[in-house]
Each structure stands twice: as C-alpha cells, then as structure tokens.
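Here's the structure we're looking at; comments come further down.
The values are calculated or read from the model by the stated rules, or taken from the named source; none is laboratory data. Being a predicted model, the structure only gives us computed values, none of them experimental. No Cβ is skipped: glycine too gets one built from the backbone with ideal geometry, and neighbour counts run over all protein chains shown.
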Amino acid sequence: MNQNLKVAAIHDISGVGRCSLTVIIPILSAMGIQVCPVPTVVLSAHTGYNGFVMRDLTDYIDPALAHYKQMKIKFDCIYSGFLASDEQIDHCRDFFNAYPNALKVCDPVMGDNGKPYKTYTNELCNRMVELAAVADIITPNLTEASILLGEKYPTAQLRTTEVKSWLVRLSEKGPKTVVITTVPLADGSICNVGYDRETNTFWKVNCDYVPRHYSGSGDMFSSVLVGGIAKGDSLPIAIDRATSFTELAIKTTFSYQTDTRDGIIFEPCLKWLTDYQVLRNFKTL
Ligand code: PXL
C-alpha cells in the first residue's frame, strides 16, 4: 500500500461549522493520506449561518497550480468540492488535466434538501455538469444529482429501478463511478448507493435514520470514500467505510443534541478510521 499518497483538495475553508477543508484534512490525515489544500474561498462560517463574511480566492488557484507544476509536485488524487465562481470550474479542470494519472473526484457541492446553497448561482450549477463529466468519480447528494440531471428534486421515496436509472444517466455524462448519498428507498430504508460503469455493478449500504441534518455530512462521507478508494478499497467497501464512519459520527453528535449548524462531532471518532476496519455491510442494489 502506498504510504505517501497526496491529495490536492480544492474546497472552501469555513472557520466555524465543521465542513469542507476543516473536515477533509483531519479525516484524510487520520487515514494516512497527505492533504494539500487549495482553498477556493475563505468564509467566517459556512453558508448555513446568517451574516458570514467571505473572500473569494478565484485568482489564487491558477498561480498555485503553476507553482505545483514548476515544482514537479505529483498528486495521486485531485478532489474538488465547494466552489465560489464559475471560473473555478475551469481551474478545477486545469488541475484535472495537469495530472492525468491522478484519481479525479468531483463532489459537485451545490445544495441540499432540494435547494442550492446561498452562494450558488444558476450559471455555477449549470457548469458543474462540465466538471462532473471529466471526473472519474462523482459523489452528489440527491439535490445535486437532480440538478446535474435537470430532474425535479424527488420528495417521495424512490424505487430501485429509478435509483439505478439516475446512477446510469449520471455516469453517461462522463464519470465511470457515481455515488449518490442519502437516498430514501421505497422499502423505507435510507442508503448510499454506487454504480461502477466498467463492471456494470450497483451497490448500496443502508444507514440508520437520524432525525437531524448536520452541515458537512456530505464532505465527511466523500472524504472517507476518497481516502478508501485512494488506499485500494473496492467501491462497495469504500462506500461502506464512508457510511459507517459518517453514521458513527452523526449518532455521536445526535446524542449530544448540539446545534446542527455546528456540524458533526467527529473528533472523538477519528480513531475508528486509523484502525482501518474490515467491512461487510454492503449489498448489491
Ligand atoms: O458541506 C457543504 C458546504 C461546504 N462549504 C460551505 C457550505 C456548505 C454547506 O452549507 O456552506 C461554505
């Protein structure tokens, strides 16, 4: 196993509210992977808080990439997330192009609960399809999957055939692997689902319902997934690892009844990641 994996993480950094880089860096570090942050925007707190202040770093990303190329830095994975402007789509594509051998992951962060985040314009949402198209793996939630497909956000539970169709149609846009998070199925279960086009396999991992919505859950799930795949997990095992860790941390948080905007209390759970568990809770979809 490669003990010197480097991930370029193109995400925002939010001072308060545990999301994006403040979640991704500790998680990937706990998994033994070096994170090289490429901040897209600095916020005092994530966009779920009123009155946050932000500084857009659009003009930072290109020169940072130029520096890395000049230094001949090698990245094993390029992992994009929350973006601040549509130009940043081009900058992420430049990163992807500069490292053709790297694993290219696009978490098409755009919204949740059927609504786009406050800073996301229609143009930025429309252009996210272009970035998703050139990634190897995408990890939308249901809101983001519906935006990428131009579908209405589903308010009812989904049948297995519908979920499979969404996965395949997203993959037809470009990415070989598609993972959709927090999907309510018609049998009453909630699961994270995945599709691998090359082997034409569909996977699911069920999770317990917790009646709260915490910010940063998607970032947590995707970063564990990225870490698992980068270290050699199969797709179902990586989905299982990401689901198990996120569920553990969310249940821990729920037990303390904290403000949901403050995010997931994952710090006491990090040891679970360093132990690198063997997992078996995945099923075919
Ligand atoms: O977790 C997604 C996310 C990332 N970054 C910022 C956010 C959010 C969700 O609200 O506001 C700044």
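Taking into account only those residues within the range 67-83 that are away from the ligand (no atom under 16 Å from the Cβ) and in a loop (DSSP other than H, G, I, E, B), which is surrounded by the fewest Cβ atoms within 10 Å (Cβ to Cβ)? Filtering first and then ranking leaves Lys72. The listed residues are Val16, Val35, and the only one of them that is within 17 Å of the chain's Cα centre (by Cα) and more than 8 Å from the ligand (Cβ to nearest atom) turns out to be Val35.
Kindly evaluate Val53 against the criterion of being surrounded by 21 or more Cβ atoms within 10 Å (Cβ to Cβ), at pLDDT 95 or above and aliphatic (A, V, I, L, M).
Against the criterion (surrounded by 21 or more Cβ atoms within 10 Å (Cβ to Cβ), at pLDDT 95 or above and aliphatic (A, V, I, L, M)), Val53 does not qualify.
Quick check: is even one residue across the range 170-185 charged (D, E, K, R) and farther than 25 Å from Ala9 by Cβ? The answer is yes; a qualifying residue exists. Annotation: Ile250 fulfils all but one of (1) assigned to a helix (DSSP H, G or I); (2) surrounded by fewer than 24 Cβ atoms within 10 Å (Cβ to Cβ); (3) within 15 Å of the chain's Cα centre (by Cα); the unmet one is (3).
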